[in-house]
């Protein structure tokens, strides 16, 4: 049996730290905690961590500085805990190579889902994990994963629901590859907190509408007979 | 009467002051020029008197010295000033029943001269009378043979007969008008500046202060205004900081409680506790969103407003799986690009939609692009099917933490910040939002944005 994944939790609030450790241990993880960046640096060489959960706002060295240091040491996946509204911090965090973020006060189960998704992505798709690209171009459209936004061919920001964004991300990461509904469900459940029970078809038709893709004769997201979808476009990534 | 005055009076202080000053100045000028004209009349009259009396005396002397049979031919040869007629007659032209001549008219001819002088020149009798604006004077020659009759048609005095008068009046008025308009505009500029500064402060508490220069009264007013703005700024700042601190500090205990809930055995109690915590979190987030001016920090970018409407509606529909899908409908263009702050605008619209869905069971969004020939304005209309809001409360609900007791109970939740936040955001974008009841029933929120 594979050893339990090891998580490093860095948070300055003792109660949150301990509760989080207990919660994650209950879910089958091995947890080491650190009070702030200095302690985390000391703890870093002592274990082989699979993932780091890092509070952005800490006394002393900030979470961003620690993340930068951590990136220079390793490409361990990082999930940031941010406060609501700290938009710029979040973007900087993602640019620095954090893999995901959860806004405080977070739902523990949502955090767990994100941790699992990030680990699956990090370890499932090969040892060397790409940092989030700054821009992904397809058919004139630009998806900016770090800023979590979509720009239309005129450069105007096009708002997406969480589900639409996740679906689009899954599609542009696998261009010109047929994805069945089951595969999409599977890929999406890993990212989306909470149930993603709404039919994939609804999400696809909403997304087509936003992408100005004619539903009856789509050119970007094509329907494949036998139940599946494919993003029919050349995708270009910018780091 | 009052209404008429109000309609005629110009609306600006500068124009009113200028108008009053100009009218007063014209009156003063007219009075001064009239005094001047009356002086001229006196001079004219004196000159005329001197001339007339000299001529009359000359005529009389010619008649007296001329031989009686030569008199008519002498009279005919005499050159008389205009208005004066003379004739020799056996009868005086003065008729009985004529009005006595007033002394100021009589002075023209000065008949007393005819009665003075040496006896051989002296008139035997002089008669005078007025008829139809004409002075009649009859003098009996010293030899008593004939009457020398004079008929003086009084030339009208023309006090205003002077081109220079009108030109002077117009020139002076025009020059004064220019000066007055310039001066009043200058004088009222501080008032306009003050109004502009007050408006700017209303939109943005951090608007730059007014310059405290100019005349003493103006600089004092500007200083008072700046002091007031500073106090408002401090007050708003303190309140914002307090709200932010409370909101921020509450996040840690809420996070702890959420974690603790995971260790509860009773699944039902756990779910209830989590839903309470979600509600608390929503309140904290709303308070923070209101307290912190997030909108100011977010950069303004081009964005597709139609897509934003769809996202907000889809998310609202997803959050309410039991609502009929037609309750969340979008009507409008497929695409409408505006400049704005995406997160802030989404929050504003989401608040309006949530309000409609929570209290009105539906949220239908209509996006109206700018109409040709009208102000460049985008309208976002959100209508619901609820009971509406009484007209007198339609403004009050935009005040923070204000909730209508009748229609809003614990069930529907909320802190009373949704509408104030929406309005703050829209106003920061140069737009606004107002509420009104639909005639068909339900509430209509009309948000406007500059195109």
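The values are calculated or read from the model by the stated rules, or taken from the named source; none is laboratory data. On a predicted model such as this, the values are computed, not experimentally measured, just so you know. Quick reminder, even Gly has a Cβ in these numbers, built from the backbone with ideal geometry, and neighbours come from all protein chains shown.
If you check B:378, B:343 for being under 23 Å from residue B:421 (Cα atoms) and at the interface with chain A (Cβ under 9 Å from one of its Cβ atoms), only one passes: B:343.
Scanning region A:148-168 for residues being surrounded by 20 or more Cβ atoms within 10 Å (Cβ to Cβ) and more than 20 Å from residue B:318 (Cα to Cα) gives a total of 5. Under the condition of being surrounded by 15 or more Cβ atoms within 10 Å (Cβ to Cβ) and more than 30 Å from residue B:192 (Cα to Cα), the residues counted in region B:1-40 number 4.
Is region B:202-212 home to any residue that is at negative phi, assigned to a helix (DSSP H, G or I), surrounded by 12 or more Cβ atoms within 10 Å (Cβ to Cβ) and away from chain A (no Cβ under 14 Å)?
The answer is no; no qualifying residue exists.
The condition (being part of a loop (DSSP other than H, G, I, E, B) and touching a residue at least 60 places away in the same chain (Cβ under 8 Å)) is satisfied by just one residue among B:92, B:10, B:81, B:68: B:68.
Determine whether residue B:101 is in contact (Cβ under 8 Å) with a residue 24 or more places away in the chain, assigned to a loop (DSSP other than H, G, I, E, B) and within 60 Å of the chain's Cα centre (by Cα). Yes; evaluated as a whole, the condition is true for this residue.
Each residue in region A:162-174 was checked for being touching a residue at least 24 places away in the same chain (Cβ under 8 Å) and at the interface with chain B (Cβ under 10 Å from one of its Cβ atoms), and 3 of them qualify. Residues in region B:299-309 that are without any contact (Cβ under 8 Å) to a residue 60 or more places away in the chain and more than 7 Å from chain A (Cβ to nearest Cβ) were compared, and the one that is nearest to residue A:153 (Cα to Cα) is B:300. Filtered by the rule that a residue be within 14 Å of residue A:79 (Cα to Cα) and either more than 14 Å from every other protein chain (Cβ to nearest Cβ) or in a loop (DSSP other than H, G, I, E, B) (or both), region A:9-64 gives A:10, A:11, A:49, A:50, A:51, A:52, A:54, A:56, A:57, A:63, A:64. Answer yes or no: is there a residue in region B:228-249 that is closer than 30 Å to residue A:26 by Cα and either within 14 Å of chain A (Cβ to nearest Cβ) or buried (at least 18 other Cβ atoms within 10 Å of the Cβ) (or both). The answer is yes, given that some residue of region B:228-249 is closer than 30 Å to residue A:26 by Cα and either within 14 Å of chain A (Cβ to nearest Cβ) or buried (at least 18 other Cβ atoms within 10 Å of the Cβ) (or both).
Please indicate, with yes or no, whether at least one residue in region B:271-291 is part of a loop (DSSP other than H, G, I, E, B) and at pLDDT below 90. Checking region B:271-291: not a single residue is part of a loop (DSSP other than H, G, I, E, B) and at pLDDT below 90. When A:159, A:134 are checked against the criterion of being at pLDDT 75 or above, closer than 19 Å to residue B:302 by Cα, within 14 Å of another protein chain (Cβ to nearest Cβ) and touching a helix residue (DSSP H, G or I) at 6+ places or on another chain (Cβ under 8 Å), a single residue qualifies: A:159. Is it the case that residue B:321 is surrounded by fewer than 20 Cβ atoms within 10 Å (Cβ to Cβ), assigned to a loop (DSSP other than H, G, I, E, B) and more than 10 Å from chain A (Cβ to nearest Cβ)? Criteria not met by residue B:321.
Test residue A:190 against the stated conditions and say whether it is at pLDDT below 90, within 9 Å of another protein chain (Cβ to nearest Cβ) and surrounded by 14 or more Cβ atoms within 10 Å (Cβ to Cβ). Considered against the rule, which asks whether it is at pLDDT below 90, within 9 Å of another protein chain (Cβ to nearest Cβ) and surrounded by 14 or more Cβ atoms within 10 Å (Cβ to Cβ), residue A:190 comes out as no. Of the residues making up region B:421-434, none is crowded, with 16+ Cβ neighbours inside 10 Å, touching a strand residue (DSSP E or B) at 6+ places or on another chain (Cβ under 8 Å), within 21 Å of residue B:327 (Cβ to Cβ) and at pLDDT below 90.
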